Each structure stands twice: as structure tokens, then as C-alpha cells.
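*Asks:* Dropping the structure in here first, questions after.
The values are calculated or read from the model by the stated rules, or taken from the named source; none is laboratory data. Keep in mind the model is a prediction, meaning the values are calculated, not measured. So basically every Cβ, Gly included, is an ideal-geometry build from the backbone, and we count neighbours across all protein chains shown.
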């Protein structure tokens, strides 16, 4: 099945909580996913990303909005008529079927002739590098192998769209890196669209062509990984993307986007990302703080966490503000240092309403 | 050692109330009032008044078991998702288990007897004017066993069903399986071992029918079941060895069916019913 784009138009989903109140799980998601694109839905647990995936897969009805595959409206179709491949978080392999029958299930449901189905299953298992395990039951496989079976089962039906719900969250760190590369390779080989749900920003950054960051059912930012990483649209996205230092300061000077902030005995230059009022939040990534003999900030090293290539260092300024820094230079506990941050790496957002 | 102590009470209980009476009865059955040690068994299979009870009981227990399992399966399947709705329906369906056969029999006599409400209602609307014969015959006992046996079959199947990870069904749906195929290819194979056990328990329960065979059946004729034959031998003829022999034959017949069903079960998948890591 060939298609050009998947369109979500104002897709919303409400739930009733046990008390009977309506809870917003997903609000007004509008996005277009062209063929070949890898989109990551990123956010903390409970942000609505799995709800979104289930809505697209047809496992949850929409409260409002519509989903289109080119000219075909699909949100009114049951799951089995949509024909999307889905990889579940706990794999959902059929425990009573061998690997071959698991992978062939979708083809069998489509009435594909046995000989052809057999060929396609063999090819899918080659693609996920599981040749030789055809006649095992899922219970006889390791987690990583089960994950590959789930992947093969989803792609063998040659779906226009592959949906993945945190497929790597049950694997150990090493396997996760390997499977990440596999998923990216398979996506490229198939040339179809993939929508991938994760709460891991590294995974999203490394896999996706485009990332949708969500919070409490509301889309925060839709952009390429580079932009999400360097230019988070709001403080929430910044926090989620690893801007660990968030300081509430007063706005002293505004000159276009360039702002000067002060307070707490600090003076910081930064870039405003949104219109500001009197108070503002400065977000700084630990990686952007550097030891600098001519730096404007002075402090004392309070904690050092050695990480191999570099160290995570906590610096306490004279006025008592704690800053997290990641630096490769050797730093000793208790040492007095001067640090600096390039002004273009200090992102300034309006202060959150308390 | 610790686990041994834990099972001691159960072992004593089994020895005292099951193994000993069983062995006692077994030995007793080989000590007939007259004739050699197999005389009781020879008499059972020679006397048509006796061996026919075996047929009669099978003729009741097998259809009842099949009806109960076949009825409980689709209803339990519809109820497999947790909801308030599910709790209410489950409660209503399970009520008969608390009633006891005697109460059910009384109810049936009042509703379904020749002068019962059903008969009167049908005659009132002139749907069927003849007398309704649903009690004091085969159908009365069959109906009573369905009413009293259904809750057990339903509860067992429901608990097996809710143990099956619902995400498997969703996975099957995304792969193109409609609701019939999801039942046929996912639920049914995973449920088969549970269905076998349910069948065995429901069968054993129906096979040992006694009160309803008397109260709503025809205990002298079409519903003269094997437990009645044992009762007559023990408490009307005071021939305990013969009664023991009948009880042994009854036990053997049940065992044969259970063994056959469990042998069939070996052919099914019997592993975990979830689709991945916990």
C-alpha cells in the first residue's frame, strides 16, 4: 500500500477518571507525516504519547478530530482495516505460536498464498537477523530476540506506517543501542513512515527526522532534533531536553532578543526565546558551562561525579546559587573556580506563573 | 523440612477423609454377600436394571457438560474486560451456585410444572395449549443441572480468560485479525487447557447428580442415575459391598472421561499466556 502522507487533524482524546471527571489525554494534535519520515513522540510518562499512538492504530476511538491517509479517512475504520504495523512495549508476541507463525500471522489474516507468505516471512526474519530461530516459541527467546520478532511481525505486512510504543524500554543499555541502529536501518530500507513513542530524549534525537514533544496531552514543539536540542520552544521542552540549570532572575536590559538578567548576585547575558516581562527563567545546559579564568561567575566546587570522558561538577556561587556543569578539565572538590557561559547558550523564557 | 510441615495437615486430611474411605470401599466391594470376590461387579454388569444406570448417567452428564461449557464460553468472552457492568452480570450469573439443588428443584416445579407459571402463561396467550412436560422427566434433570452447573463453568472460564493478556488481542487486531479470527487464533488456543479443566470439573459435578434426579426427574425410569443405584443398594437393601462396587464403577467412569480429556489437553499449548516480558 503506497501513500504520500498521514494527516492528523485536531485529534483529541478524553478519558473519564474514576471520579467521573473528564481528563484530557490528548488535545488537538495536528501534524502531517510524509512517507519516509521517522517521527518521534517524546514526553514524560502520562503526556499522551501512547494515547496518540493508540488513536492512530485504531485501538482507541478519537473524541474529536480526524486521521487521513492521503484522501482516505481512516479514524472511522477498525484497527484490523487500517493495516498499520505496530510494535508494543512488551512485544505482545503470541506465546503459543512459533516465531515463523507469529511473523506470518498478519499475512495469514490477509489471505496471502502460503508459498509467498513463507518467502516474505523468511525475508523479514533475515532483515531482523533472526534466521535459524524460526521454529522456537517466544518463551525460548531472549528479550532482544523477542523484540526483533515483534519488529519482523510488524513490517512483514508491508504497512504504510509502522507504529512503535517504547519498543526498547525493556532492553538493557547495550542492546538498546544495537536495536536503535537496527530500527533506523530497517526504517531506511523500507522507506515508509515510522511513528515512534519514547520518553528517552537520546533515543528520539538519534532516531527521528522530526520530534513532537508533548506534555499533559498538549503538543509543546514539533521540530527537527537539532532545533529541539538547541532551541527549545519553551521552558518545559528545555527542561526535558537536558537544560538542567534553570534560574529565576530579573530582566535588567532588553535589546531585541539579547537580554541581560540579574539577581541573586549574578549577572547573565542571554537570548530571549519568548516575550518577557519583569522576571524570567534562564535555562543553561551543563555542557555549556566552561571553566574560564576570565569568567564573570565565581564559585566553589561542591561535588564531582566522574563519568569517564568528563565529569559532572556542582558549582556553588558566592551568593549561594547551585549550577550543574559538565566539564572535561580536571576539577577538585572544594576548589575555587571562575566559570562562563556563552550568551547565545543562555536561553531565556518568561517566569512560570507561581 | 519447613515445606514438609506445611503440607502435613493436608496430607492427614487426605488420608483420613479420602484415601482411607476410598480403600475401605474398594476392599469392601470385593467382599460380596454371596459369590466370589468379583461377584458384585459381575452382578452390576449382568443386571440391566443396574448397568443401564451407567448409560442414563452418561446421557445426562455429557450433554449437560457440553451445554454448560458451550453456554459459558461466549458469555464469559463478552465479559472479559473489567467494568462495573461485568461485576453485576457476574454476580447475577453466579447466584444459582449459592441456591443448592433442592431450592432450584422447588423453583422449577413452581415455574415449569404442568400447572406452573410457564404453562399457564403459554396457555393464556394461546401459544401452546397442551400441558408442558419439563419436570419429572429427563428434561427436568437436564435443566436443573444446567442451572446449577453453569456458574462453575462460567466462573472458571472467566478467570482463565481474564488471565490472557489483552494486548495480544490488540496486536492481532493491528495485524488484520477481525473479532472472529482474534477469538479463533488467539483466545481459543490459549484458553483450550482451561476449557479442558472446566469440562472435567463440570462433568464430574454433573455425573454425581443425585437430588435433582429424584426431585425433578423420574427416579424409577429415565433419570435412574448411578448414584441412585448406589443409594438403593446401601440404604434400601443394606448391601454395603454392592453399594461400594457401584460407587467404584461410578468413580472409574468419571476417571475415564477426565483421563481422556486430559490426554487430549496434552496436544494443546500450555505455556504462559502473556506476550513478552512481564
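*Asks:* Taking the range B:145-175 as the search range and keeping residues that are surrounded by fewer than 24 Cβ atoms within 10 Å (Cβ to Cβ) and not in a helix (DSSP H, G or I), which one is nearest to the other protein chains (Cβ to nearest Cβ)?
*Replies:* Here the answer is B:165.
*Asks:* When you look at residue A:313, is it surrounded by 11 or more Cβ atoms within 10 Å (Cβ to Cβ), in contact with a strand residue (DSSP E or B) (Cβ under 8 Å, 6 or more places away or on another chain) and in contact (Cβ under 8 Å) with a residue 24 or more places away in the chain, yes or no?
*Replies:* no
*Asks:* Please pick out the residue among B:241, B:272 that is away from chain A (no Cβ under 14 Å) and either touching a helix residue (DSSP H, G or I) at 6+ places or on another chain (Cβ under 7 Å) or outside any helix (DSSP H, G or I) (or both).
*Replies:* B:241
*Asks:* Which numbered condition in (1) in a helix (DSSP H, G or I); (2) crowded, with 20+ Cβ neighbours inside 10 Å is the only one that residue B:135 fails?
*Replies:* (1)
*Asks:* Name the single residue that is farthest from residue B:70 (Cα to Cα) among those in the range B:176-192 being touching a residue at least 60 places away in the same chain (Cβ under 8 Å), more than 7 Å from chain A (Cβ to nearest Cβ) and surrounded by fewer than 20 Cβ atoms within 10 Å (Cβ to Cβ).
*Replies:* Only one residue fits best here, namely B:183.
*Asks:* Can residue B:69 be described as modelled with pLDDT under 90 and in a helix (DSSP H, G or I)?
*Replies:* No: the conditions fail for residue B:69.
*Asks:* How many residues does the range B:103-119 hold that are loosely packed, with under 12 Cβ neighbours inside 10 Å and touching a residue at least 60 places away in the same chain (Cβ under 8 Å)?
*Replies:* The total comes to 0.
*Asks:* On to the next question. For residue B:209, state whether it is farther than 30 Å from residue B:174 by Cβ, away from chain A (no Cβ under 14 Å), surrounded by fewer than 20 Cβ atoms within 10 Å (Cβ to Cβ) and under 18 Å from the mean Cα position of the chain (by Cα).
*Replies:* Criteria not met by residue B:209.
*Asks:* Sort out which residues of the range A:248-268 are in contact (Cβ under 8 Å) with a residue 40 or more places away in the chain and surrounded by fewer than 19 Cβ atoms within 10 Å (Cβ to Cβ), and write them in order of number.
*Replies:* Within the range A:248-268, A:248, A:258, A:264, A:265, A:266 qualify.
*Asks:* For residue A:180, state whether it is part of a helix (DSSP H, G or I), assigned by TED's automatic domain parsing to the domain that holds residue A:91, within 14 Å of residue A:87 (Cα to Cα) and touching a helix residue (DSSP H, G or I) at 6+ places or on another chain (Cβ under 8 Å).
*Replies:* So residue A:180 fits the description; yes.
*Asks:* So the check is Cβ under 7 Å with 6+ separation or different chains; which pairs have a first residue in the range A:139-154 that's part of a loop (DSSP other than H, G, I, E, B) and a second one that's modelled with pLDDT of 90 or more?
*Replies:* Listed by first residue and then by second, the contacts come to A:141/A:133; A:141/A:149.
Okay, residues lined up against (1) free of Cβ contacts under 8 Å to residues at least 40 places away in the same chain; (2) farther than 17 Å from residue B:227 by Cα:
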position	(1), (2)
B:4	yes, yes
B:31	no, yes
B:34	yes, yes
B:38	yes, yes
B:44	no, no
B:57	no, no
B:64	no, no
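*Asks:* Additional query: Residues of the range A:119-138 being over 29 Å from residue B:270 (Cβ atoms) and in a helix (DSSP H, G or I), which ones?
*Replies:* A:119, A:120, A:123, A:126, A:127
*Asks:* Given B:249, B:226, B:197, which one is under 25 Å from residue B:146 (Cβ atoms) and either within 14 Å of chain A (Cβ to nearest Cβ) or crowded, with 20+ Cβ neighbours inside 10 Å (or both)?
*Replies:* B:226
*Asks:* Another question, then. Which condition from (1) in contact with a helix residue (DSSP H, G or I) (Cβ under 8 Å, 6 or more places away or on another chain); (2) in the same structural domain as residue A:205 (by TED's automatic domain parsing); (3) surrounded by fewer than 18 Cβ atoms within 10 Å (Cβ to Cβ) is the one that residue A:232 breaks?
*Replies:* Among (1) in contact with a helix residue (DSSP H, G or I) (Cβ under 8 Å, 6 or more places away or on another chain); (2) in the same structural domain as residue A:205 (by TED's automatic domain parsing); (3) surrounded by fewer than 18 Cβ atoms within 10 Å (Cβ to Cβ), the lone unmet condition for residue A:232 is (3).
*Asks:* Testing residue A:227 on (1) modelled with pLDDT of 90 or more; (2) assigned by TED's automatic domain parsing to the domain that holds residue A:343, one condition comes back false. Which one is that?
*Replies:* For residue A:227, the exception is condition (2).
*Asks:* Checking the conditions here, which among B:81, B:85 is over 13 Å from residue B:145 (Cβ atoms), out of contact with any helix residue (DSSP H, G or I) (no Cβ under 6 Å at 6 or more places or on another chain), loosely packed, with under 14 Cβ neighbours inside 10 Å and in contact (Cβ under 8 Å) with a residue 12 or more places away in the chain?
*Replies:* Result: B:81 is the single residue among B:81, B:85 that is over 13 Å from residue B:145 (Cβ atoms), out of contact with any helix residue (DSSP H, G or I) (no Cβ under 6 Å at 6 or more places or on another chain), loosely packed, with under 14 Cβ neighbours inside 10 Å and in contact (Cβ under 8 Å) with a residue 12 or more places away in the chain.
*Asks:* Looking at residue A:125, is it at the interface with another protein chain (Cβ under 10 Å from one of its Cβ atoms) and at pLDDT 90 or above?
*Replies:* no
*Asks:* For the range A:316-337, which residues satisfy the criterion of being surrounded by fewer than 15 Cβ atoms within 10 Å (Cβ to Cβ), touching a residue at least 40 places away in the same chain (Cβ under 8 Å) and over 35 Å from the mean Cα position of the chain (by Cα)?
*Replies:* Of everything in the range A:316-337, those that are surrounded by fewer than 15 Cβ atoms within 10 Å (Cβ to Cβ), touching a residue at least 40 places away in the same chain (Cβ under 8 Å) and over 35 Å from the mean Cα position of the chain (by Cα) turn out to be A:318, A:319.
*Asks:* Identify all residues within the range A:16-31 that are modelled with pLDDT of 85 or more and loosely packed, with under 14 Cβ neighbours inside 10 Å; write none if there are none.
*Replies:* A:30
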